[in-house]
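Here is the structure we will look at.
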Amino acid sequence: MSEPLSAMPTLTLYARAGCHLCEQAEANLQALAFAFTVVDVDHDPSLRARYDHDVPVLAHGERVLGKGAFSRARLAQLKLLLLREAQAAS
């Protein structure tokens, strides 16, 4: 039995305008029906200092789930991991 998508946490995509990898990550997250918000690191000096050369960065709270290119295959694996974690926690 599969977990409902509501079991998926809302993730944060740290990105910046004009970043092609960030745009690709956002498109792939949408295609795979992830719940996420985009935060522009250039609007916050502390986020820019933390993630400047690593964007895009995908996180759940303080937990960094990955950095760099996010293909659909990579995100599909991540989705399975997150659903398994949500199932184990319930």
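The values are calculated or read from the model by the stated rules, or taken from the named source; none is laboratory data. Keep in mind it's a predicted model, so treat the numbers as computed, not measured. Cβ sites come from the backbone with ideal geometry, for glycine too, and all protein chains shown count toward neighbours.
General observations
- Scan of segment 19-48 for residues that are in contact with a strand residue (DSSP E or B) (Cβ under 7 Å, 6 or more places away or on another chain) and among the acidic types (Asp, Glu), ordered by number: 26, 40
- In summary, residue 53 fulfils each of the numbered conditions (1) outside any loop (DSSP other than H, G, I, E, B); (2) more than 20 Å from residue 83 (Cα to Cα) with the single exception of condition (1).
- Residue list for segment 53-90, filter: crowded, with 17+ Cβ neighbours inside 10 Å and in contact with a Pro (Cβ under 8 Å, 6 or more places away or on another chain): 70, 82
- Every test in (1) part of a loop (DSSP other than H, G, I, E, B); (2) modelled with pLDDT of 95 or more is passed by residue 48 save one, and that test is (1).
- Pair list, Cβ under 6 Å, 6 or more apart: segment 7-24 residue within 13 Å of residue 36 (Cα to Cα), other residue polar (S, T, N, Q): 12/37
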